[in-house]
Amino acid sequence: MQGNKKLTVLFAPTDSMAHVNACHGLAEEFRDRGHRVVFTMDRAFKGRLEKYGFEEYPIASGRNNSSVAVTQFITQLKHVFKLTPIQIADKFVSRAFELFFKRLRDAESQYKEIVGTVRPDIIVCDAYLGSPALTNSGIPFVYLLSSDPLFAMNDDNLPPPFLGLPLNENRDKWTEIRHNLNEMFAQLRQDYDKWLVANGAPPLPSTHPNWGLHPRSPYLNIYQTPEELDYKSQQPGAQVWRRVNGFVRDTGDTFVIPEPLSRKSGKLCLLSLGSMGCAHLDLMVRLTRVLGKSKHRFIVNKGPLHDKYDLPDNMWGAPYLPQTALLPLMDLVITHGGNGTVNECFYYGVPVLAMPLYGDQYDTAQRVRESGLGLRLNPFHCTDAELLGTVDDMVNDVELGRRMKAIGERLRAANDKRVIADIIEDIVSKK
């Protein structure tokens, strides 16, 4: 950047680890260049980022983010995840977006105060709904999309999101499904547009689908997916979108395979279903019971329910795992299909067995399967034999392992963080 000016970069991720992690990955590049990096996020995440050299300005949302609250939330809704993807979108995803909107309204005055106090040169937003205090402040903002890119692509040539629909099948049904999804989110869209106007911001363009409730940046919009999973024939509708392979964190964590697991034979697999999946007790008990019959070994992210069930002899688990330290050691990752986790798996060249639970996880899982670089199973309805056979086939697929290793080497050499940081510095220099 001209003059080597020290910038203040404000990151504003929504209250989800996947979004915080993506911002963390990009923020490392700005920190290493000597810029001031500030995070504003829900107070439930307070203290997570200071040790990496980032400032924190917590949002006091009143949200109870304790493990008990998360477990109670999943227990109340656990039956929903066994339904069809369209039913899950209606009964869970749309409800989650309403909660995001409520939290955003409650936090808006705090965002205004934080922007005034921090005085950022640029703001990086990673959320489902945009805050006028962040996107309409007169300060340039960048929109970072951490979910599956299909979320942003309102294109009739691509399937609608949240459902994991095949790219080249049943296209005649897409129009009706897209209409139904827009109807699910119609009231939320109406309320959100009114709120934007009441807070001095323009309503969203009519080209936005009713679930796409974050304003696009006139400067830079980023979506994250490896080239192998990209929808190559189409790009998101805005003119200034940029694809990156993902912003993987470098936390400095290390991990040693614990005994007695390290002395056992068999391939090594990671079972990690995200914050929602590992709080679903029935699901975790089922999957660990089935995989306990496998000849392979498993590291398990047990989450908040770690003391509620025991693991078979071919497993070891903990409430929290340093995932980026674990991945280079794995032969296979069994995951919920979150976009961030899948991007990290590709970054480290590890095959993926995706078992989606809701929303855009279905879309990421479908792209993994369509790419030929992984497989997809329903975690609730697959049979024991299907799960065990799929794991065995994947860890012994030499060609798949070779392809993923080559992809990982390419992604680690790509240095997306540097490229995007250069662009953002240039945006600030020209404002």
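Just so you know, all these numbers are worked out from the coordinates, no wet-lab data involved. Because the structure is a prediction, the values reported are computed rather than measured. Here Cβ is always computed from backbone atoms with ideal geometry, including for glycine, and neighbour counts include all displayed protein chains.
Around TYR348, what is the net charge, scoring Lys/Arg as +1 and Asp/Glu as -1 over all other residues with Cβ under 13 Å from its Cβ? The partial results should precede the final answer.
Details: positive: ARG249, LYS405, ARG410, ARG412; negative: ASP250, ASP331, GLU344, GLU409.
Spelling it out: positives minus negatives among the neighbours equals 0.
Beta bridges per DSSP, both residues in the chain: antiparallel share near 0 percent. Remark: the Cα gyration tensor places segment 340-431 in the oblate category, a/c being 1.5 or greater and a/b not exceeding b/c.
The slack between LEU329 and ALA413, meaning 0.36 nm per residue of separation minus the straight C-alpha distance, is 28.3 nm. The equivalent ellipsoid of the chain has semi-axes of 34, 25, 22 Å, largest first, where each one is the square root of 5 times an eigenvalue of the Cα gyration tensor.
Listed peptides 50-59, 415-424 appear in the order 415-424, 50-59 once ranked by packing, highest mean of other Cβ atoms within 10 Å at the front. Between the beta carbons of LYS431 and ASP156, assuming R0 = 35 Å, the FRET efficiency works out to 0.50 to the nearest 0.05. Electrostatic bookkeeping for ILE424 treats Lys and Arg as +1 and Asp and Glu as -1; over the other residues with beta carbon under 15 Å from its beta carbon, the sum is +1. With the convex hull of its Cα atoms as the shape, segment 123-192 has an orientation-averaged projected area of 5.6 nm². Rounded to the nearest 0.05, the FRET efficiency derived from the C-beta distance between GLU56 and ASP307 at R0 = 30 Å is 0.50. Charge dipole (Cα centre; +1 on Lys/Arg Cβ, -1 on Asp/Glu Cβ; no other charges) of the chain amounts to roughly 560 debye.
Dividing the summed -39500 (n - 2.57) terms of all DSSP H runs of n ≥ 4 by the residue count of the chain sets its mean residue ellipticity at 222 nm at -12000 deg cm²/dmol. This model, with +1 at the C-beta of Lys and Arg and -1 at the C-beta of Asp and Glu, gives segment 261-412 a dipole about its Cα centre of some 360 debye.
Where both bridge residues fall in segment 261-412, DSSP classifies roughly 0% of the beta bridges as antiparallel. In summary, the helical segments of the chain meeting the span-like criteria, namely a full DSSP H run, a Cα extent along the axis of 30 angstrom or more and a mean Kyte-Doolittle hydropathy of at least -1.0, are 94-118. Nearest 0.05, what FRET efficiency do LYS264 and THR84 give at R0 = 41 Å with Cβ-Cβ as r? The value I calculate is 0.60. Pairwise alpha-carbon distances in segment 261-412 exceed 23 Å for 28% of all pairs. When you count the other C-beta atoms within 10 angstrom of each residue and take the mean per peptide, 182-192, 217-227 line up highest first as 217-227, 182-192. Taking the average, over residues, of other Cβ atoms within 10 Å as the packing measure, peptides 397-408, 371-382 rank 371-382, 397-408 from highest down. Summing Lys and Arg as +1 and Asp and Glu as -1 over all other residues whose Cβ lies under 12 Å from the Cβ of VAL395 gives a net charge of -1.
The mean sequence separation of alpha-carbon pairs under 8 Å and at least six residues apart, normalised by the residue count of the chain, gives a relative contact order of 17 percent.
In this simple spin-label approximation, ARG48 and VAL285 carry label points 7 Å from Cα along the Cα→Cβ vector, and these lie 2.8 nm apart. For segment 168-324, the fraction of C-alpha pairs farther apart than 19 angstrom is 72 percent. Label reach from ALA318 (point 7 Å along Cα→C-beta): in segment 266-308, amide nitrogens under 12 Å belong to 300-303.
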